[in-house]
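Since the structure comes first, as structure tokens, the remarks are kept for the end.
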Amino acid sequence: MIKSVESRILTGIVMFVAIMILVGWVAINEEARMQAFVYQHTGRSIERGAELYASLCAECHGEEGYGALLRAPGLNNPHFFGYDPVGEQTAAITNANRTLVRLGDDSDDLLAELTDAANPPSDERQNQIQTEMEAIQTQIDNQKNIIDEAVAARQAILGSLRTAVEKGLFPLWDTIEDSDRTAFNEIEVFFNNNGTRLAQVGWAGDLRGYVITTLIHGRPGSLNVWPNSDGGMVAWSQLAGGSLRQDQIEDIAAYIMNWDKGSNWTMEDYLAVEQYGKPLSDGSIPGVPRPDPAGDNPEMILARWAEEEIVGSAGNGAILYDTRFGCTSCHRDGASAPDTIGTWTRVLTERLTEPQFAGYTGERYLVESIVLPAAYVVDGYSSGAMPPDFGTRQMIDQQLADVVAFLMTQE
Amino acid sequence: MSILPFPSFLDDVKEKGFKKAIFEGIDDSVERLTAGMNVQDVREALRGDTASRRPNPRLTPHADGFWLHMRPSYFNRDVTGMYPSFRLGWLSSYFVFFETITGILLMLWYTPSPEIAYGDMLTILSNVPLGQLMRDMHRLGAEFMVAVVALHMMRTWITGSYKKPRQFTWFTGLLLLVITGFLSFSGYLLPWDQLSLWAVTIGASMAEATPVVGDQVNLLLRGAPELGANGLLRFYLLHVLALPALLFVFFGVHYYKVIIHGYSLPPQKENIGEDTAKRVPLDKRVYFIPDILTNELMWLGATTFIITVLCIWFYHAPLENHADPQVTPLGTTAPWYFLWIQGALKLGDKFIWGVAFPSVALGALAMLPYLDVTPSRRFAHRRFMLTIAMLLVSATTILSYMGLAKFAVKTSAETEIVHELTFEPAHSKVGIGRTIPFDQMIAGAYSTAQFHGHEGLTAADIITEFNGETAANGQYEQMVDELKFQKLSANQVPVRFRTIPEMEAPVLMRVMEEFNHHLEEAPTELPNVWGALVITDNQRGLKRLDWIVSWDSVVIEGGDVKLDDEGNPLFVYATKDVPVFDDEGDPVFDDMGEALTEAELVLDAEGNPVPARRIFSDHLFIHEASAYFD
């Protein structure tokens, strides 16, 4: 025990002051320490994400994230991260087109003034107008040159991406690639809607949110989109019945987001991807109007099929019948609706023998049954059970043809 | 006549003058606050003078005040030094309050739910100013508290202070020791990381061994068969409510008993069989005010200062990855103060060693004052009890050592070695493989074979030769297959080994030497072994490290290598499937129509069987921001 009271008091005061100085010093440095911790934590999150990715995701999406053909889309992918390879050119064309419209308007105004019979311009003014119109014409030519150059540059870039396009980059690009200049707007709309993955799927949030949502909920129906995948993208989160905790979902997302190269993506990166993502739903692209539904007039439908050479695929029809339109939930054992199995036999041997179907082909009977389900109800089943809108809303011609083709195999 | 319509301070000012009224007011207030000492008395006390008025005003705070009535007004000079108490009792009390204060601060940011708890830990570390310091202090304080309370018990044993009349004091102290252990243990789970989940799982599983009601006790404690949301909530409530409440109750009883019987004197200071703690001669008295008070405040500052320094520079509370009941980490242990039970469990039956033994040990400790009834507290007269004390310390130490993961738990050598190199940070240690600086992780395949060369060969020669060998005997291909199986991209697998770039990557070199060293330590289990490290660039700022061990397979029985009479390991020999032919030379088919095959030994050119080659690999990813090497 320190003998004198004063020494003890002095030592105590020194200690307390020292504690305050130390804690104060720590407090001053806390901001930097906390930032360093966040940095370090992000690094470790990516590490854990890499481990989870290797064990759970790499099988389908590829060890290096390039995806696998018809199995799963690549994630280490410039298109996925919103890098538009022709963004610069598309913007240049858009600008030039806008300028052209303005120049056209100016030119029209001058022309109107020049040819105004009620109030003809003076000679001096006429000359002036002529000069101005020539100047505008030069500018128009310049803008057209700019467009030509940008189009050529864009064509060159897209040409070098040929292999990537074949692997799913810019689906439906082929349908508009060779359009003439009047289709510029169409092309621009196409790139605005397809230039990046988020635009393609119409996701309003950010990419990380998109990744996390997909990890949590999976992709219902992705088995149909990716025939080579083994079960499709399942819901991984415990929230949605999967096996991963939220922090693990975030770790994987951190790892995936770490592939982003910002503005440093290269053509090689495009070409390395094995498979690009597909647009959602039925293959129509957001921004491009959906094809018209088949309608509810069987005769017109069949006439159109003949004219446009639409042929159904029984294989696609089977998938549509089973999953997309859910027909088998009723048409399965004959309890609530006629059984799918034997449909075609029954149509040919029973229905068509009835007088009201005189002159019908089996195909026409099937089309009518789908688009006008109330027209005839088989004895023993209630009318109004089948949704009446397959023709008017749900199916396009091709899908209807596929389903009919499938039913024609059900003997 | 009052100045205001009621009597007030202004009347004093009018009567005595402003200055005098103020001073008297202050003096009066101080006397009320200190329950008896006015300004002059306080001044004298702090100067170390004797009190100038009678009766001694320094005794009134003990007589009239609430806080000091719990403390004796004077101590015997013989108990105020370092010996005999070593301040362990005082330190125990100090940590009770220290842990309460830091604990309450941490509670502000903590939610006891498995979904949130770990995130809260990260928040405390990443977004709460002084949060890390507070957590470190709470954790370090907890470890100290367990140690201090245990040492306090040993000190009491050694000085014989548990003897009559302090038997019950000893008993309440033992209860406090147990409560302290459980307090610390229940707090262990709260961060909800791998370390806490598995340490507590091991600890709590001992409750399972209780006869008859083991399952019920377990269920009651965990709230479910496995630790989960309910278990975490229960441990939290134990930690912040139930156990502290019990602690404060017995702390009160314990201290009351200490004061009632007086601080026991050093054994040689009193006659055998006498207890003179309460009869303090005038010349031996050290008064609480001012001596003990200033002394304690000084120690309060000093102890807190030491803990602050430790937590700033030397100690950080561990935080491993998020708790995952599906993933059992290698080498899990109970907290260090329960290691002795874990060690005892390795001796045999779970009930006998996990429940009966600790209960009997604690019961014996509780009965100690009633078993040892000899009157003398002198060391010379207590050789037997002091021997028992030393045996207790030794046994606890040995059992604790046995509780360590490395003792008597058989893990295969290759797993052990790779784990040793790659384990995640825990208890201020980290696998050396993670400490390679990021810029020294140069992509390529490296092998420990580089260190196996003979005199005169350069590293490049050895590796060239090794590349030839492993290409010829298929070992390289086996490694490549293993790597692909472990989801290393086929594009990234290196085509051959290269020499370790010692100049650019000295730490990588050191790690490979360490790897080699470990492999050479298991010659019987891993004959003809080589290890490899394959470093690949995985992403921007992210490397992948694959650790590979390749060796000749040996027969393992019961965790040990089976040896022949000469002490050499017995090999497992490679086989291949060959079709079975009947006597006429036609292939034989089974019922399913498949051609039958049988295993046949693979022979080398000289007709000797070839040992089966086994391969093991594990990998880790390292991001440049992870800073394992800081």
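The values are calculated or read from the model by the stated rules, or taken from the named source; none is laboratory data. Treat the numbers as computed from the prediction; the structure is a model and nothing was measured. Cβ coordinates were reconstructed from backbone atoms using ideal geometry, including for glycine residues, and neighbour counts include every protein chain displayed. Surface accessibility is based on the protein's heavy atoms, side chains included, excluding ligands, DNA and RNA. Shrake-Rupley method; radii C 1.70, N 1.55, O 1.52, S 1.80 Å.
Nearest 0.05, what FRET efficiency do B:Met390 and B:Thr100 give at R0 = 30 Å with Cβ-Cβ as r?
Between B:Met390 and B:Thr100 the formula returns 0.30.
Multiply the residue gap between A:Asp379 and A:Arg304 by 0.36 nm, knock off their C-alpha separation, and tell me the result in nm, one decimal place.
Full extension from A:Asp379 to A:Arg304 adds 23.9 nm.
Can you compute the helix-only [θ] at 222 nm over the protein assembly as shown? Use -39500 (n - 2.57) per DSSP H run of at least 4 residues, normalise by all residues, nearest 500 deg cm²/dmol.
Result for the protein assembly as shown, helices only: -15500 deg cm²/dmol.
List the accessible area buried at the contact between B and A, summed over both sides and calculated with a 1.4 Å probe, in Å² to the nearest 100.
4300 Å²
List, by residue number, every residue in segment B:534-569 with a reduction of 10 Å² or greater in accessible area between the chain on its own and the complete protein assembly, 1.4 Å probe.
By number: B:Asn538, B:Gln539, B:Arg540, B:Leu542.
Just how many pairs of Lys in segment B:74-403 have C-alpha atoms closer than 24 Å, counting pairs that are eight or more places apart or on different chains?
Lysine pairs, 8 or more places apart or on different chains, close enough: 13.
Between B:Val178 and B:Asn127, what's the calculated FRET efficiency when r is the beta-carbon distance and R0 is 35 Å? Round to 0.05.
So the FRET efficiency works out to roughly 0.45.
Would you list B:Leu195, B:Leu310 from the most to the least accessible area, probe 1.4 Å?
I get B:Leu310, B:Leu195, largest accessible area first.
Quick one: how many Å² of B:Thr60 are accessible to a 1.4 Å probe, rounded to 10?
B:Thr60 exposes around 40 Å² with every protein chain in place.
Fully extended, how many nm does the chain gain between B:Ala356 and B:Lys576 (0.36 nm per residue separation, minus their Cα-Cα distance)?
73.8 nm
Contact order normalised by length for chain A, with contacts defined as Cα pairs under 8 Å and 6 or more residues apart; what percent is it?
19 percent
Compute the long axis of helix B:131-158 from its Cα atoms, compare it with the longest principal axis of the Cα atoms of chain B, and write down the angle in degrees, 0 to 90, nearest 10.
It is inclined by approximately 70 degrees.
If you rank B:Glu44, A:Glu299 by how much accessible surface each has, with a 1.4 Å probe, what is the order from largest down?
Sorted descending by solvent-accessible area, the residues read A:Glu299, B:Glu44.
Quote the relative contact order of segment B:157-297 in percent (integer), defining contacts as alpha-carbon pairs under 8 Å separated by 6+ residues.
27 percent
Averaged across the residues of B:293-300, what count of C-beta atoms belonging to other chains lies within 10 Å of each residue's C-beta?
6
With a bin width of 10 angstrom, please list the P(r) values of segment B:74-403 as percents of all Cα-Cα pairs, from the 0 bin to the one holding the largest distance.
Per 10 Å bin, starting at 0, the Cα pair percentages come out as 5, 23, 31, 24, 13, 4, 0.
Just to confirm the number: angle between the C-alpha axis of helix B:117-127 and the first principal axis of chain B, 0 to 90 degrees, nearest 10?
Approximately 70 degrees, to the nearest ten.
Could you sort B:Met390, A:Met15 by accessible area so the largest value comes first, with the probe set to 1.4 Å?
Highest to lowest solvent-accessible surface, that is B:Met390, A:Met15.
With a 1.4 Å probe and every protein chain left in place, tell me how much accessible area B:His619 has, in Å² to the nearest 10.
Counting only protein heavy atoms, B:His619 exposes about 20 Å² to solvent.
Averaged over its residues, how many other protein chain Cβ atoms are within 10 Å of peptide B:612-624's Cβ atoms?
3
Just order B:450-456, B:589-595, A:399-405, B:357-363 by mean Cβ neighbour count inside 10 Å, highest at the front, would you?
Answer by packing, highest mean first, reads A:399-405, B:357-363, B:450-456, B:589-595.
Any lysines with Cα under 17 Å of the B:Lys543 Cα? List them, leaving off those in the same chain fewer than 8 positions away.
Counting by Cα, and skipping residues close in sequence, B:Lys543 has these lysines nearby: A:Lys261, B:Lys484, B:Lys487.
On a 0 to 90° scale, report how tilted helix B:293-309 is relative to the longest principal axis of chain B, with both axes built from alpha carbons and the result rounded to the nearest 10.
20 degrees
Give me the distance in nm between label points sitting 7 Å out from Cα along the Cα-to-Cβ direction at A:Ser243 and B:Val13, one decimal.
8.1 nm
Suppose R0 equals 60 Å. What FRET efficiency, 1/(1 + (r/R0)^6) with r the Cβ-Cβ distance, do B:Thr50 and A:Thr42 give to the nearest 0.05?
0.35
What's the extension gain from A:Thr392 to A:Asp292 if we count 0.36 nm per residue and subtract their Cα-Cα distance?
Gain on extension, A:Thr392 to A:Asp292, equals 35.1 nm.
Taking amide H positions as placed in the peptide plane 1.01 Å from N, state which residues far from B:Gly228 in sequence (5 or more) or on other chains have amide H under 5 Å from it.
none
How far apart, in nanometres, would the label points at B:Glu226 and B:Phe314 be if each is projected 7 angstrom from Cα along the Cα-to-Cβ direction?
So the label points at B:Glu226 and B:Phe314 sit 4.0 nm apart.
Which stretch or stretches of segment A:337-380 have amide N atoms under 16 Å from the point lying 7 Å from A:Glu411's Cα along the Cα→Cβ direction?
A:341-350, A:362-363
Ratio of chain B's C-alpha Rg to 2.2 N^0.38 Å, to two decimals?
1.36
With the crude spin-label approximation of a point 7 Å out along Cα→Cβ, what separation in nm comes out for A:Leu69 versus B:Gln478?
3.4 nm
Which stretch or stretches of segment B:339-355 have amide N atoms under 20 Å from the point lying 7 Å from B:Asp215's Cα along the Cα→Cβ direction?
Under cut-off, by backbone N: B:350-352, B:355.
Kindly report, to the nearest 10 Å², the accessible surface of B:Thr396 as traced by a 1.4 Å probe over protein heavy atoms only.
Rounded to the nearest 10, that gives 60 Å².
For the protein assembly as shown, which whole percent of the accessible surface, found with a 1.4 angstrom probe, sits on carbon and sulfur atoms?
Roughly 59 percent of what the probe reaches on the protein assembly as shown is carbon or sulfur.
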